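Structure first, then comments.
The values are calculated or read from the model by the stated rules, or taken from the named source; none is laboratory data. Note that the structure is a prediction, hence the values are computed from the model and not measured. Note that each Cβ is placed from the backbone with ideal geometry, even for glycine, and that neighbours are counted across all protein chains shown. When the accessible area is computed, the model is the full protein with side chains, heavy atoms only, and any ligands, DNA or RNA have been set aside. Shrake-Rupley method; radii C 1.70, N 1.55, O 1.52, S 1.80 Å.
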Amino acid sequence: MNRWWNNMSRGFLLVLSGPSGAGKGTVCDALLKKNKGVVSSVSATTRKKRPGEVDGENYFFVSEEKFQEMIDNGEMLEYAHVHENMYGTPKKFAMDKVEEGEIVILEIDVQGALQIKKVYSDAIFIFLLPPNMDELKKRIVGRATETEHSIEIRYKNAFRELDFVEEYDYFVVNDTVEQAVKDVESIIEAEKHRVKRFKYIKEKVIGE
C-alpha cells in the first residue's frame, strides 16, 4: 500500500537552540545518525577552529571580511554576534534541502532563531534545556576547550537566553542524550502530520 503521508512534498526547518553546554551538538549528532530524512545545515562562523573540527563539516570557518560580504549579498538566512564571534546560516543549502523534502536541522543561537522566526514562519522551534544550571556549568567546564573568561561569559549568557524559551514551539530537557533524541523525534513525527503540510488530503484518501 502506498503510504502517501510518508512522502512529504516539502521538508521543513527544525531550529534547535539552547544555552552553551545544554548539549545541542551531541543531541544533533545522535539525531542525524538515527534519522536518514534529517540533515544538518552547516553554519558559517568567524571563530577559530577547535581541535578535531573540519571546515565545511562542523562549520564554514571564514574571516570577518568574508562573513560581512555574505551578509551584504543576502546569502545568510540568519546571523548573530555570539560570544565575541559571528555565526550565521548560509541560505541556499538550507532552502534547497527543504524543497527536496528534507528536514533541515539548524543548531543555532537564540538571536539567530528569533531572526528566522520573523522571516520564515514555517520553521519549527525547539529549545534544549539542561536539567539545571549547575549541570550546565559542569558541562561547559568539562569540555576543557574554554578559558575561564569564556566559561563565565557563556554561563552568564545562559541565564539571559532562558528568558526566550516562550518564543519557541517546544522545549526538550537534555538529562540524557537518548531521551532528548527520542523527544525531538516525537516532535518531528507530529510535525510530519500537520494538515498544513499537505494539499488535497481528501483527494489523496479517496484515491487510495
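Specify the residue that is farthest from the chain's Cα centre (by Cα); the eligible residues are those in region 99-114 that are farther than 20 Å from F60 by Cα and either open to solvent by less than 10 Å² (accessible area, probe 1.4 Å) or at pLDDT 90 or above (or both).
If we take residues in region 99-114 being farther than 20 Å from F60 by Cα and either open to solvent by less than 10 Å² (accessible area, probe 1.4 Å) or at pLDDT 90 or above (or both), then E102 is farthest from the chain's Cα centre (by Cα).
Would you check which residues across region 146-166 are of a type in the set (D, E, K, R) and either under 20 Å from C28 (Cβ atoms) or surrounded by 17 or more Cβ atoms within 10 Å (Cβ to Cβ) (or both) and list them?
Those that are of a type in the set (D, E, K, R) and either under 20 Å from C28 (Cβ atoms) or surrounded by 17 or more Cβ atoms within 10 Å (Cβ to Cβ) (or both): E146, R154, E161.
For every residue, the table says whether it meets (1) part of a strand (DSSP E or B); (2) among the hydroxyl-bearing types (S, T, Y); (3) out of contact with any strand residue (DSSP E or B) (no Cβ under 7 Å at 6 or more places or on another chain); (4) closer than 21 Å to K34 by Cα.
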{"residue": "V104", "(1), (2), (3), (4)": "yes, no, no, yes"}
{"residue": "G112", "(1), (2), (3), (4)": "no, no, no, no"}
{"residue": "Q115", "(1), (2), (3), (4)": "no, no, no, no"}
{"residue": "D122", "(1), (2), (3), (4)": "no, no, no, no"}
{"residue": "L162", "(1), (2), (3), (4)": "no, no, yes, no"}
{"residue": "F171", "(1), (2), (3), (4)": "yes, no, no, yes"}
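Could you please find all residues in region 165-208 being of a type in the set (F, W, Y), without any contact (Cβ under 8 Å) to a residue 60 or more places away in the chain and under 22 Å from I105 (Cβ atoms)?
Result: Y170, F171.
Hey, any hits in region 6-15 for a residue that's modelled with pLDDT under 85 and outside any loop (DSSP other than H, G, I, E, B)?
For region 6-15, residues modelled with pLDDT under 85 and outside any loop (DSSP other than H, G, I, E, B): present.
Among the numbered conditions (1) in contact with a Phe, Trp or Tyr (Cβ under 6 Å, 6 or more places away or on another chain); (2) farther than 30 Å from R197 by Cα; (3) modelled with pLDDT under 95, tell me where T46 comes up short.
The failed condition is (3).
For a quick check of your reading of the model, give me the residue pairs whose first member lies in region 117-132 and is farther than 21 Å from L162 by Cβ and touching a residue at least 60 places away in the same chain (Cβ under 8 Å), whose second is open to solvent by less than 10 Å² (accessible area, probe 1.4 Å) and aliphatic (A, V, I, L, M), with beta-carbon atoms closer than 8 Å and at least 6 apart or on different chains.
Y120/L13; D122/L13
What number goes with the only condition from (1) assigned to a loop (DSSP other than H, G, I, E, B); (2) under 22 Å from E57 (Cα atoms) that H81 does not pass?
H81 satisfies every listed condition except (1).
For region 173-186, how many residues are open to solvent by 40 Å² or more (accessible area, probe 1.4 Å) and closer than 20 Å to G37 by Cα?
Of the residues in that region, 7 qualify.
Of all residues in region 124-142, how many are open to solvent by less than 40 Å² (accessible area, probe 1.4 Å) and not in a helix (DSSP H, G or I)?
7
Quick one: count up the residues across region 38-52 that are part of a loop (DSSP other than H, G, I, E, B) and open to solvent by 40 Å² or more (accessible area, probe 1.4 Å).
Looking only at that region, the number is 5.
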